[in-house]
Structures are given as C-alpha cells and as structure tokens.
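Asks: Encoded as structure tokens, here's the structure I'll be asking about.
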Amino acid sequence: MRRIACCVLVSALAAAAPARGDAAPPTTAPDDDGDDLDDTVASGDTPLTDLTLEELMQLDVVEVSELRPVPRRLATADVTVLTRADIEMLGARTLADLLRAVPGVDVSLDNDGTVRPSVRGLDQGADILLMVDGLRVNDAVSGAAYYDLPAAFIERVEVLRGPASAIYGSNAILGVISVTTRVTDHALIGGRIGSFASGEAFVVTSAKHAGWKLRTGLDIAQTRGPDFTLARDQLTSSQPDVSEAPGRIAGRDERLLASFFAERGSFQLGGFALEDERGPYVGTLGALTREGDRKSRFLGLSAVFDQAITPSVRVLARAAATTWRFDDERVVKPPGWRSTGLVTDLDGDGLPEVFPDGLIERERLANRELTADARVTWTTCRGDVTAGVLASYTAVTGATFETNATGNPTLYRPDFADYAGRTFPRVDRLVLAPYAQWEDELTSWAYATAGARLDVVSDGGGATSIDTRVSVSPRAAIVLTPDPRTEIRLLYGRAFRAPTLRELHDPAGRELGNPDLRSETSQTGELRVTRHLDALELHAAAFVGELDDRIDVPLTTSLDGQNPYLNHAGTRIAGAELEARGRWDRYALLGDVSYTHATDLEHDVTLERIAPWSADLAGEARLGDYATLGAVGHLRGPREPPQLTFFQRERLRGTRQPTTLMLDLVARTRNLPGRWWATAALYNVLGTDYREVPRDAFFLLDDPGGSNALPAQPRMVMLEVGRSF
C-alpha cells in the first residue's frame, strides 16, 4: 500500500511541478504550516488520492537529488533545503550569504571580490553545478557561475552535497545548488539602504493570465564599497619608487538583474539577465593599482515541453540559449613598472623593459551556448523501475584576450592587440546518456534504490576533429526507518566533469589547453542519521570520498611561464557534519558543525586552504505580534596557505589566516498594517572575517591573514523597507 501511495504522490507532483532542466523545482514554496500534513502522509494514515492539489504542494518535497519529486524524508542523498522563512531569519542579502549556513559548504571571496564556494573542503568552481529555475548557469569556458544572486529573488534553495552525475551529468561532481525564484500571491516592492552608500531596490510579481502562471523580478543594487587599506604590495621592496602602497582599495559594485518564469500546462518559459560591474581591485600579479573595471553580463533563456504520453511514459524537450560576456580591464602594474624575472632585456639595449602606462590587460570573453536536449522516461510503479535516455547538443563559441604586452616576459606595446591569437575555437558538444534506476520497499522499515547513468560526451572542433569521453555514474542508497522518528541513510555515488573549453583549448597565457585531458571523477560514501523530535530535527553525517584525475596546472612553473592543464592524482576527503533545525511558535533555530580533512594524493600533503572546520548558528525569537529579533554567527577555523611553487611556499612559510567569527544581528517586523514590512541588520559586528586569497594570488600579499589581510566583509548597517500589494 505504501508503495502505491508513493507512486500516486510522484504522479501528482510530477503533473503539478514543471520539469525545468534535469530536475524540477517546485512551483510553490512549501508552507510553513505543512509539517503536520507531511507527517500524516509519511505515516501512511491518509491516502494521497484524498488530498487536494494545494495539500499535495504543501508537502516538504525534494527534487534536486531525484529523477522525480519525492518527500524529503525519502530523499536518497544528502540534501539541505532553505525555505523563504530561513532566508528571512538569516537576513541574507545574496545567495552567497545563504550558502554560508549550509553544513559542509563554505563561501570565501578572492582578492577581487569574486565569490568562491566550496563543498567539503574542495572549491573548484567548475565542479559545483548551479541551476536557477532549472537553467544551468555554469559557463562552458571556465565552468564558473555567479553566486551574488539577490536574496529578494529567492524562494527556496536546495543544496546537494556529494556526487550527482547520475541525475545531472557533467559538473555535478562536488554538489548541486538548485535555486527556485520567488513565489508570491502579491506584488512585492522593497528597497534597502546601508553603509558605504549602498542601495538596492527590487520588485517581485506573480500573476495569472489566459491560463498562464507568470512571475517576474527586477533587482537593482549598488555600493561604492568600503575602503580597504593595503599596507604593502609586491613592489614595495623591489620597486618602491613605482609602488602605490600604502593605499586604499575601493569595493565598488553595481548590479542589475531581471528574471521571469511562465508556465501553462506542459509548457514552461523562463530566463534571467544579469549585469554586474565592480572595481577597482588588486591585480592578479599583486601590485596595488587604483584603476580597474570588471563587468559581467549573463543572459539565459529556456523553453521546456514536458508531457506524459502514457501513464508510464513521459517526454521532455528543452531548448536553452545562454551567453556570458566578461569584460575585464586591469592595470596589473602601475605606470613606470619595469619588467623583472629570468629575462628583463628583450630588445637588447641593456636595460629592463619599462611600461610607462603600466601593464594593462584587457580580457573579453564572449561565450555563447545553444543547447537542445530531449529526454524520454519510462516508469512503472509495479516494477519500481525508471529508465530513459537523454540526448543533448550544445554549440559553444569562444572568446578573445587583449593586452598591451606580448611575449613572455612581457614587452610593452602602446596599442592593444590580440594576445598570441588567444581566441577559443567553436566547440560542439554532443551528449548521449541512457540511465536507469530501481527502487523498492524491501520491508516496512527499509527502502532501497540503485541506478546508473552512462554519459558519452563527444566534442567536435577545437584542436581535434572529435574527442569522445565515456563516464559511468552509479548511485545507490538504503533508507532505514527503525521507528517513525528515525531515518538512517547509507549513500554511495560517483560523478564526473568533462573538461571545460579553457582547459581543452586555451591557446596562450600562463595556462595552456590540453585536448588529451580525461574527465575528472569523484566518488563518495556516506552514513547519515536523522532524528525528529517534534519541531526539532537533528542530522549527523560521516563521509569519505575521493576526487580523481583532478584537472589543474602543475605547481611548478616552466621557464617560458606557460603550463598545460594536466590530470593530477586527485584529493581524498573525509569528514563529519552535525546539523540542527527547529521551528516553534515563537522561536526558530538553524545550526551546524562541520569538519573536513582533505589530502592531496599527488604530494601527500594536507590541504588546508579551506577552513578544516566550521560552525554556523542562527536563531530568532518573535517579540509580540509584529517584531522578530535574531542573530547569525559563522565560525571558521584557521587556513594555511595552499600548495604553491617552491619559491611561493618559502615566502609564505609560517603565515596563516586566523580563526574568524562573523556575527550578524537581524531585527524585522511582520504583519504590519497595510502589508508593510521592515528589516534592520548589522552585519559582521566583530569585523573579523577575512578575504580568501586564491591560489594563483596568495603569495602576493606579504602577510596573508595578518596586518595586510583584506576584510571579506566590513561592519555594515542595512535597512530594508517594503510592501506587498
């Protein structure tokens, strides 16, 4: 009976929820009052056929870890769900703020303010898949994504930790972050003002017209940013007459984002556009400069047709077009800089080359992707088998890179020119992926599932006419429920990531493309225990895993300054996570503690670039009928410098980024007359969080984490006011 009920639930939810991309986020956010209903359904006391569609949509369901929506208690992966209530309690401004509150996930900023998420000690951006309403956001050139999405746009975030290629294919090697945009019964208009001339305005709307369900959003934000003081830079000792340190670095940032989603029956249309401009900042070679500008533009559109042909067969067709445009102009070295290194005299006049205008780099990436895929899925409830095949075609065009220097070491040119023909070729990627999954209720207290996906990835164009990589991604899970309040999960998964366009075909620069690269692979085994204590949920997890064939450039630098991407031995990880979540009538709690030990298998050394341990705690209390007061704390352990070249390691010996504590205070109103609301927040009260410096720039600061460290987020006051109509 329970098996049949699960099948009915799946059918109802699949009919109600759109199929966006590889897995379908819900069209409606879970209701905070739906816990009792979820308990009743999970216990099997109420047949699902007796529930209305609205009651079905109140169920706490998970999509990111499954081929189809399932109740969260039957999820066969390690998934954390943040609802709109959690977002408001955390006082989050962006998606990056939300990710800090997820166990096993950390967020740091590199020296230009770019967000760098990590999952269980590893932070290779291309290995984390980000989706917004089912649209893949990772670009094909570098595999990176944009994590500064405004929290005002977000209804729900599902974070899957661990391999997920059995569901999503490439990129889902460390985890998947699935964002569902804001759902509301009314139009919302709000704005924020804060320290450093910061301001933000947003509009979120929902409507129904001619059978279509529509929702849109618009967000405009800007800040001049706090002024950071940099005491010394790389030129302070070698060229003090040129160095501009000590000096101040401004963190100017301007953002415009618009999104829409529409559905009618089996059709869904969606997309969002983004423009973000920031600067100036410290150049990647470590000299303080007062000029620089980085502008990112993204446009993504998708159309989906999802139709059940028969009760057992479902067809999904999707077309998506995305474009990333990235304009970066950096004064890497200030005016008057003299070239240094193994070779300084390139024109034979006996003197080092001098750059009177400074060393300036202009990088223009104009990556465009067009993807079309079709999926046919066959499901039988009696046989508990789901099988299907996915066919996908993606066309990717490339990018160019310009600089006022050519050669290596660089030689000054007053005019800008293409840098050694650094133009990425057009690449066509064809994916054929059959998949199958079996699931069954072994006993009244044991549920099992196992499946696999075979990805055949063929790349045409570039350095080779065609290059095919085959990856098998199995997954298996056993969910034990010895009593109604306890869940025990045994999880295993394997995933892969095909090389990016930059890794395959980068024709010049410090990193060279390598068309012979193998796909990265990872595998993880995990034990997860969940205990329900009325309104409180407790989770404990222990995991071991390994990342193989890691794609990166060598740690040592060749004499010509160029290094090809290579497959490396990889990284082994092991760790544990504890999580507590509770929501009562007047109180709410969200907390976690995580520990991860990562070992570089190639050099047999411990990786400590990401904090090995962390803790997060957020809570709020309702004061009367109109006000809520809360606090959010993030604690991160010390971080050692990453593994670099011999000379870089010697320079950084003994330095480390210290243990940091970031504390936020959040006060907000609710149920005000006229549908008004207000929120006041004080961020980073203690001012102790430090900016993470990436591996290729860590050695640029003389004292990382010390007197020369750049704050990741200064003390900041923010006031938000809005109204629903």
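The values are calculated or read from the model by the stated rules, or taken from the named source; none is laboratory data. Computed from a predicted model, the values in this text were never measured in an experiment. Methodologically, a virtual Cβ is constructed for each residue, glycine included, from the backbone with ideal geometry; neighbour enumeration extends over all protein chains shown.
Asks: Does any residue in the stretch 572-587 that is within 30 Å of ALA667 (Cβ to Cβ) and free of Cβ contacts under 8 Å to residues at least 24 places away in the same chain come within less than 9 Å, Cβ to Cβ, of a residue that is assigned to a strand (DSSP E or B) and aromatic (Phe, Trp, Tyr) six or more places away or on a different chain, and which pairs are these?
Replies: none
Asks: Counting only residues that are surrounded by fewer than 22 Cβ atoms within 10 Å (Cβ to Cβ), at pLDDT below 90 and among the charged types (D, E, K, R), which one in the stretch 468-510 is nearest to ARG528 (Cα to Cα)?
Replies: Only one residue tops the list, namely ARG469.
Asks: Could I ask something else about it? I'd like the residue in the stretch 289-329 that is among the polar types (S, T, N, Q) and in a strand (DSSP E or B) and, out of all such residues, is surrounded by the fewest Cβ atoms within 10 Å (Cβ to Cβ).
Replies: Going residue by residue through the stretch 289-329, those that are among the polar types (S, T, N, Q) are 289, 296, 302, 307, 310, 312, 322-323.
Filter again for in a strand (DSSP E or B), leaving 296, 302, 307, 322-323.
Working: SER296: 20, SER302: 23, GLN307: 13, THR322: 23, THR323: 17.
That would be GLN307.
Asks: I've got another one for you. Check every one of the strands (runs of 3 or more DSSP E) wholly within the stretch 113-197 and list those with 3 or more residues that are under 21 Å from GLU275 (Cα atoms).
Replies: Values: elements: 115-119, 128-132, 154-161, 175-181, 188-194.
Passing ranges, in order: 115-119, 128-132, 175-181, 188-194.
Asks: All but one of (1) buried (at least 20 other Cβ atoms within 10 Å of the Cβ); (2) at pLDDT below 90; (3) not polar (S, T, N, Q) hold for PHE228, so report the exception by its number.
Replies: (1)
Asks: Can you tell me how many residues within the stretch 175-217 are surrounded by fewer than 17 Cβ atoms within 10 Å (Cβ to Cβ), within 18 Å of LEU257 (Cβ to Cβ) and not β-branched (Val, Ile, Thr)?
Replies: The total comes to 5.
Asks: Hey, does the stretch 343-355 have a residue that's farther than 30 Å from LEU370 by Cα, surrounded by fewer than 16 Cβ atoms within 10 Å (Cβ to Cβ), β-branched (Val, Ile, Thr) and modelled with pLDDT of 75 or more?
Replies: yes
Asks: Under 7 Å between Cβ atoms, which residue pairs at least 6 apart in sequence (or on different chains) link something in the stretch 361-378 that is in contact (Cβ under 8 Å) with a residue 12 or more places away in the chain and closer than 17 Å to ASP428 by Cβ with a partner that is among the hydrophobic types (A, V, I, L, M, F, W, C) and not in a strand (DSSP E or B)?
Replies: ASN367/ALA140; ASN367/VAL141; ASN367/ALA399; GLU369/ALA140
Asks: Name the single residue that is modelled with the lowest pLDDT among those in the stretch 610-636 being buried (at least 17 other Cβ atoms within 10 Å of the Cβ) and either aromatic (Phe, Trp, Tyr) or not in a strand (DSSP E or B) (or both).
Replies: Among them, the one singled out is ILE610.
Asks: Can I ask one more? Restricting to the stretch 435-454, give me the number of residues that are in contact with a Phe, Trp or Tyr (Cβ under 7 Å, 6 or more places away or on another chain) and of a type in the set (D, E, K, R).
Replies: Count: 2.
Asks: Right, here's the next one. Mind checking which pairs have a first residue in the stretch 454-468 that is closer than 15 Å to ALA166 by Cβ and a second that is at pLDDT 85 or above and among the acidic types (Asp, Glu), Cβ under 6 Å, 6 or more apart or different chains?
Replies: The qualifying pairs do not exist here.
Asks: Do we have any residue at all in the stretch 396-411 that's modelled with pLDDT of 75 or more and of a type outside the set (Ser, Thr, Tyr)?
Replies: So in the stretch 396-411, the residues modelled with pLDDT of 75 or more come out as 396.
From the residues that got through so far, the ones that are of a type outside the set (Ser, Thr, Tyr) too are 396.
Yes, that holds for at least one residue.
Asks: Exactly one condition in (1) in contact with a Ser or Thr (Cβ under 8 Å, 6 or more places away or on another chain); (2) within 30 Å of LEU269 (Cβ to Cβ); (3) of a type in the set (A, V, I, L, M, F, W, C); (4) surrounded by fewer than 24 Cβ atoms within 10 Å (Cβ to Cβ) is not met by ALA96; state its number.
Replies: The single condition ALA96 does not satisfy is (1).
Asks: With the structure loaded, tell me whether THR606 is outside any helix (DSSP H, G or I), within 28 Å of the chain's Cα centre (by Cα) and either closer than 19 Å to LEU663 by Cβ or modelled with pLDDT under 90 (or both) or whether it fails that test.
Replies: Numbers: outside any helix (DSSP H, G or I): yes; within 28 Å of the chain's Cα centre (by Cα): yes; either closer than 19 Å to LEU663 by Cβ or modelled with pLDDT under 90 (or both): yes.
Here the answer is yes, as THR606 does meet what is asked.
Asks: Another question, if that's okay. Is it the case, given these coordinates, that SER238 is buried (at least 16 other Cβ atoms within 10 Å of the Cβ) and out of contact with any Pro (no Cβ under 9 Å at 6 or more places or on another chain)?
Replies: no
Asks: Residues that are assigned to a strand (DSSP E or B), of a type outside the set (S, T, N, Q) and at pLDDT below 80: does the stretch 250-264 have at least one?
Replies: Filtering the stretch 250-264 for residues assigned to a strand (DSSP E or B) gives 250, 252-264.
Narrowing further to those that are of a type outside the set (S, T, N, Q): 250, 252-258, 260-264.
Restricting the remaining residues to those that are at pLDDT below 80 gives 250, 252.
Within the stretch 250-264, one or more residues are assigned to a strand (DSSP E or B), of a type outside the set (S, T, N, Q) and at pLDDT below 80.
Asks: May I ask you to verify whether VAL479 is within 22 Å of GLY162 (Cα to Cα), within 28 Å of the chain's Cα centre (by Cα), in a strand (DSSP E or B) and touching a residue at least 40 places away in the same chain (Cβ under 8 Å)?
Replies: Values: within 22 Å of GLY162 (Cα to Cα): yes; within 28 Å of the chain's Cα centre (by Cα): yes; in a strand (DSSP E or B): yes; touching a residue at least 40 places away in the same chain (Cβ under 8 Å): yes.
Taking the combined requirement at face value, the residue satisfies it.
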